[in-house]
Amino acid sequence: MKIVITGASGQLGSELYELLVNDTEKECYFLDRKQLPLDQIILIQDILAMYQPDLIIHAGAYTAVDKAEEEHETANLVNHLACEEIAQYCRLHGSKLIAVSTDYVFDGNSAVPLSEDAPTAPINVYGQTKLAGERAIQKWCPESIIIRTSWVYSAYGKNFVKTMCRLMSERNQVNVINDQIGTPTYAKDLAIAILKIADAPDWKAGIYNYSNEGEISWYDFAVAIRDFRSLDCQVNPIPTSAYPTPAKRPRYSLLDKSKIKAAFDVAVPDWKLSLAKMLAEEIKN
């Protein structure tokens, strides 16, 4: 199997590289923003044609949520129009596509875990562009698989876990929002799930949710990080209103994972177990 992975230098792309780099049964090409500039959509199909992939794992995205409020055009190019080009390539050449999306396609007003067919109503530019990307993929490549995930972290790149480790090592106290509810996703767990789906004997197209198990706030997550690291820092819970940001965040984005479990029998570890595994690793750049 010949696989192209986009967003190769990101958190998920880096975890996929670790899992695939020594796989002799797959011919893998890891493309970062230099090899595949997703904001230059006129180039995308020609670049993909150079590799002639059987499968594209589209992990690349514009993920600067607050910056997207000002850089709407760039976010739309990367999260929407690049998806359209990739999906069109897959349709023309018969390639399979697994694309990664986000819980930010929801408005956060639910009170129960969100299923894949829950109404979408993004409340920020990032979510709007990701939803537009989903729709473009489904239009041009209806046999694709889209995986929505949330609160991604890894030993690679910049993320909440690494930021908290640094801040709580430098400060006596930190303030963390306690009224946004969801579940973190360890990028390595997501990468393992994606590869299990890629290797599955039956390709079952559609939208799927994947995050770790559990229901927590960012405050709960920060407290757990502090305790795992045995850091001497006070964590103060604060409401979203006390920490205004350019982009609104969903208040509730807990994902229901029953569909992906039933379809592909993927493992969905508890968030605490996955956090412990990530923190046990050497923190990587």
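The values are calculated or read from the model by the stated rules, or taken from the named source; none is laboratory data. These numbers were taken from a predicted model, which means no experiment stands behind them. As a convention, Cβ positions derive from the backbone with ideal geometry for all residues, glycine included, and neighbour counts pool all protein chains shown. Surface areas here come from the heavy atoms of the whole protein model, side chains and all, with no ligands, DNA or RNA. Shrake-Rupley method; radii C 1.70, N 1.55, O 1.52, S 1.80 Å.
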Rank Ser101, Ser230, Ser144 by mean-square fluctuation in a GNM of the chain with C-alpha springs under 10 angstrom and give only the top-ranked residue. Ser230
If you average the C-alpha positions of the range 238-270 and of the range 23-102 separately, how far apart do those two centres end up, in angstrom? 23
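What number comes out for accessible area per residue over the range 81-205 if the probe is 1.4 Å? Units Å², please. Mind showing how you got there, number by number?
On the way: 5010 Å² over 125 residues.
Heavy-atom SASA per residue in the range 81-205 reads 40 Å².
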If the chain between Val112 and Arg171 were fully extended at 0.36 nm per residue, the gain over the current Cα-Cα distance would be 17.7 nm
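Run lengths n ≥ 4 of DSSP H only: what is the helix-derived mean residue ellipticity at 222 nm for the chain, with -39500 (n - 2.57) per run over all residues, to the nearest 500? Could the numbers behind the result be given before it?
On the way: 10 runs with 107 residues, N = 285.
Theoretical 222 nm ellipticity from helices: -11500 deg cm²/dmol.
Considering only DSSP beta bridges whose two residues both sit in the chain, what percent are antiparallel, to the nearest 5? Walk me through the numbers before you get to the answer.
On the way: 2 of 34 bridges.
Counting DSSP beta bridges with both partners in the chain, the antiparallel share is about 5 percent.
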Taking the Cα-to-Cβ direction at Ala280 and at Glu18 and moving 7 Å from each Cα, how far apart do the two end points lie in nm? 1.2
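Using the per-residue mean of other Cβ atoms lying within 10 Å as a proxy for protection, in what order, highest first, do the peptides 27-33, 9-15 fall?
Details: 27-33: 18.0, 9-15: 23.1.
Top to bottom by mean Cβ count within 10 Å: 9-15, 27-33.
Which shape class, rounded, prolate or oblate, goes with the chain when its Cα gyration tensor gives a ≥ b ≥ c as root eigenvalues, a/c under 1.5 marks rounded, and past that a/b bigger than b/c marks prolate? Numbers along the way, then the final one.
Numbers: a/c = 1.65, a/b = 1.47, b/c = 1.12.
It is prolate, given that a/c is not under 1.5 and a/b is the larger ratio.
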What angle do you read, to the nearest 10 degrees and between 0 and 90, between the alpha-carbon axis of helix 218-229 and the longest principal axis of the chain? 80
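Whole number in Å², please: accessible area per residue of the range 207-259, 1.4 Å probe, ligands, DNA and RNA not counted. Display every interim value, and only then the final one.
On the way: 2530 Å² over 53 residues.
The answer is 48 Å² per residue.
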So how far apart, in nm, are the two label points at Ala267 and Ser241 if each is 7 Å from Cα heading toward Cβ? 4.4
Would you mind calculating the gained length between Met50 and Phe228 on full extension (0.36 nm times residue separation, minus the Cα-Cα distance), in nm to one decimal? 59.5 nm
Candidate lysines - alpha carbon under 28 Å from Lys96, same-chain residues fewer than 8 apart omitted: Lys2, Lys26, Lys34, Lys130, Lys139, Lys188, Lys196, Lys204, Lys257, Lys259, Lys261
